[in-house]
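The next block holds one structure in the form of structure tokens; read it before the comments.
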Amino acid sequence: MIRAQTLLKVVDNSGAKLVKCIKVKKKSGKAHANIGDIVLVAVQSLRPRFGRRVRLKMNKSEVHHGVVVQTRRLHRNQAGVGFSFNCNSVVLITSKHKPLGTRISATLPSRLRGLKWAKLAAMAKKIV
């Protein structure tokens, strides 16, 4: 359950390392985000660049959209099997719902594929 002011880890290669949730989109009041929800985030820290050919796609304190892909909260599927992840993670996307990075370096839940995020599931390293 992600609320405002929550620190999230970025699991794609867009250039950000740590982001802070500003607002949960399409929810009203004191809302919280679960897996597959869109959040508005501000970049807190960046990944280090190695070599001059690497071009940064973002700067610190920029605002981007993101999709929550991992939460520490326990989720159960219809078979009753529960799973939770080690940390709260997000993948950065554009305002037109296209991913900013080209790779995702984390295990994603298969539930994302059914929630209109099949592109993210295809880019993932592993799906549980």
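The values are calculated or read from the model by the stated rules, or taken from the named source; none is laboratory data. Please read all numbers here as calculations on a predicted model, not as lab measurements. A quick note on method: Cβ atoms are made from the backbone with ideal geometry, for glycine too, and the neighbour counts reach across all protein chains shown. Heads up: the accessible areas ignore ligands, DNA and RNA and are worked out on the full protein's heavy atoms, side chains in. Shrake-Rupley method; radii C 1.70, N 1.55, O 1.52, S 1.80 Å.
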Self-check item: Matching residues, the range 74-109, being surrounded by 14 or more Cβ atoms within 10 Å (Cβ to Cβ), touching a Ser or Thr at 6+ places or on another chain (Cβ under 6 Å) and farther than 16 Å from S14 by Cα
Solution: N88
Practice problem: Find the residue count for the range 86-104, including only residues that are under 13 Å from the mean Cα position of the chain (by Cα) and not in a strand (DSSP E or B). | Solution: 8
Exercise. Within the range 1-17, track down each residue that is of a type in the set (A, V, I, L, M, F, W, C), surrounded by fewer than 15 Cβ atoms within 10 Å (Cβ to Cβ) and modelled with pLDDT of 90 or more.
Key: L7
Quiz item: Conditions: (1) surrounded by 15 or more Cβ atoms within 10 Å (Cβ to Cβ); (2) part of a loop (DSSP other than H, G, I, E, B); (3) touching a His at 6+ places or on another chain (Cβ under 9 Å). G36 meets all but one. Number of the miss?
Solution: (3)
Exercise. Taking L112 as meeting all but one of (1) in a loop (DSSP other than H, G, I, E, B); (2) surrounded by 13 or more Cβ atoms within 10 Å (Cβ to Cβ), write down the number of the exception.
Key: (1)
Quiz item: Quick check: anything in the range 57-64 open to solvent by 60 Å² or more (accessible area, probe 1.4 Å) and in contact with a Phe, Trp or Tyr (Cβ under 8 Å, 6 or more places away or on another chain)?
Solution: no
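Check whether at least one residue in the range 69-80 is over 16 Å from M1 (Cα atoms), at pLDDT 90 or above and not hydrophobic (A, V, I, L, M, F, W, C), and report yes or no.
Step one: of the range 69-80, the residues over 16 Å from M1 (Cα atoms) are 77-80.
Now restrict to residues that are at pLDDT 90 or above: none.
The answer is no, given that none of the residues of the range 69-80 is over 16 Å from M1 (Cα atoms), at pLDDT 90 or above and not hydrophobic (A, V, I, L, M, F, W, C).
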Exercise. Could you give me the residue pairs with C-beta distances under 7 Å whose first residue belongs to the range 62-91 and is touching a residue at least 24 places away in the same chain (Cβ under 8 Å), whose second residue is part of a loop (DSSP other than H, G, I, E, B) and aromatic (F, W, Y) wherever it lies, and which are 6+ apart or on separate chains?
Key: V67/W117; Q70/F85; T71/F85
